[in-house]
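As structure tokens, the structure follows; a few thoughts come after it.
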Amino acid sequence: MLLLIALAHSRQLHAGGNSLATPAGGGPVDVAVQWLLTSFVDGRAAPLFGILFGYGLVQMTRRYSGPNGDPAQARLLIRRRGAWLIVFGIAHVVLLYGGDVIGAYGAFAVMFAGVVSWSSRRLWTVMTITLVFGVAAASLLQLVTPSDAPLAVGPTLLDSAIMRTSALPVLPIAAVSMAPSVLIGVLTARMRLLEQPDRYRSLLRRFALIGFPVAVLGAQPVALQAVGLWTPGSPGIDTVGLAVWAATGIAGGLAFLATIALFAYRLGDRRGPLTTALVACGRRSMTFYIAQSPVWLLLSEPSLLDLGGKLGAATAAAVAVATWAGTVVIAHALERTGRRGPFEALLRHLTYRGRPRPRPAA
């Protein structure tokens, strides 16, 4: 998941920038990489993040209140955790990176803490409504983003921080937009899809075999523009293409989830050094999500290395992979010394301060 997020964030280093349909140029390798990332990652990695967040809300409820959960107690805990996530997200935006998702998930937790006890019918109803809203919001954002839109950076670090801060009022909109993927996570957690992959192998295979083609085909109205092979004939066609791209992103998130679950099932209890390092990074996912941001800050700020929009798509992707690999190495070192991720430890302390700690997971 963190590798996909790093690859998605790497676009700020190439000429495509915030406009997904803008060609970044370069040689054949750059064009191929841009097509791959636009087809498989942009708008497809974020839903995976949302699904896992929703899954975690249900797991937290079970750990805190027992197998059946206590809805009232769970809502208080989720809102408290969500409020602190908003604080973390605001600090992340102001100090490091404008594309933060932590604050949006915190806003969702505060606004929709009761999802853990909603009926399946209500979950599907709200999911449908918020999906329409999210597709409209994502399409509108791309429509109003000029192809030559500059990165949100200023001549100094302070100027850039002020520019990033201006995006904070859209947190509630972002929270509602990513609600469908979070609600899917709640539904899959009720099934214990990830805890019991042997029981759901056929369903997971269908998610992967259907989800990837739907997500990739749905991305082509944007991906083909990104590589310069197609130009919409009218604003209406462009709008429809963007809506299709946005609506099919969740299929990609589900496909990634299913593929990872099936791989983990095949792996079983075998733990080599690479698997151990990946697990260590996953246990510290918030810490190492935030740890990627200093790299983007260092590379993109005009007052620092000033490489924003100046690298080829392939080079930018290589930087993302190297950044992620570095965090995996650090996570493995923390695991060997028995240390938690600092941000996970702080969030846990703030969330449960003055409250009983959750029971160990069964």
Single unsatisfied condition, Leu187 versus (1) surrounded by fewer than 22 Cβ atoms within 10 Å (Cβ to Cβ); (2) aliphatic (A, V, I, L, M); (3) under 22 Å from the mean Cα position of the chain (by Cα); (4) modelled with pLDDT under 90: (4)
Test: residue in region 278-293 that is in contact with a helix residue (DSSP H, G or I) (Cβ under 6 Å, 6 or more places away or on another chain) and among the charged types (D, E, K, R): yes
Considering residues of region 307-325 that are modelled with pLDDT of 95 or more and of a type outside the set (A, V, I, L, M, F, W, C) only, the residue surrounded by the most Cβ atoms within 10 Å (Cβ to Cβ): Thr323
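Any residue in region 239-247 that is more than 23 Å from the chain's Cα centre (by Cα) and either over 21 Å from Thr128 (Cα atoms) or free of Cβ contacts under 8 Å to residues at least 12 places away in the same chain (or both)? Before you say what the answer is, go through the steps one by one.
Just the residues of region 239-247 that are more than 23 Å from the chain's Cα centre (by Cα), to begin with: 239-240.
Checking the rest, the ones that are also either over 21 Å from Thr128 (Cα atoms) or free of Cβ contacts under 8 Å to residues at least 12 places away in the same chain (or both) come to none.
Within region 239-247 (the criterion being more than 23 Å from the chain's Cα centre (by Cα) and either over 21 Å from Thr128 (Cα atoms) or free of Cβ contacts under 8 Å to residues at least 12 places away in the same chain (or both)), the answer is no, since none of the residues qualifies.
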Candidates Tyr97, Tyr105 - the one that is of a type in the set (Ser, Thr, Tyr) and assigned to a loop (DSSP other than H, G, I, E, B): Tyr97
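Yes or no, residue by residue, for (1) touching a Lys or Arg at 6+ places or on another chain (Cβ under 9 Å); (2) crowded, with 18+ Cβ neighbours inside 10 Å; (3) modelled with pLDDT under 90; (4) outside any helix (DSSP H, G or I):
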residue	(1), (2), (3), (4)
Trp296	no, yes, no, no
Leu305	no, no, no, yes
Thr327	yes, yes, no, no
Ala331	yes, yes, no, no
Arg340	yes, no, no, yes
Leu347	yes, yes, no, no
Arg355	yes, no, yes, yes
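So, in region 270-284, of the ones that are hydrophobic (A, V, I, L, M, F, W, C) and closer than 18 Å to Arg340 by Cα, which residue ends up farthest from the chain's Cα centre (by Cα)? It would help to see each step written out before you state the result.
Going through region 270-284, the residues hydrophobic (A, V, I, L, M, F, W, C) turn out to be 274, 277-281.
Next cut, closer than 18 Å to Arg340 by Cα only: 277-281.
Numbers: Ala277: 20, Leu278: 17, Val279: 18, Ala280: 19, Cys281: 15 Å.
So the residue we want is Ala277.
The values are calculated or read from the model by the stated rules, or taken from the named source; none is laboratory data. Note that the structure is a prediction, hence the values are computed from the model and not measured. Heads up, the Cβs are rebuilt from the backbone with ideal geometry, glycines too, and the neighbour counts pull from every protein chain shown.
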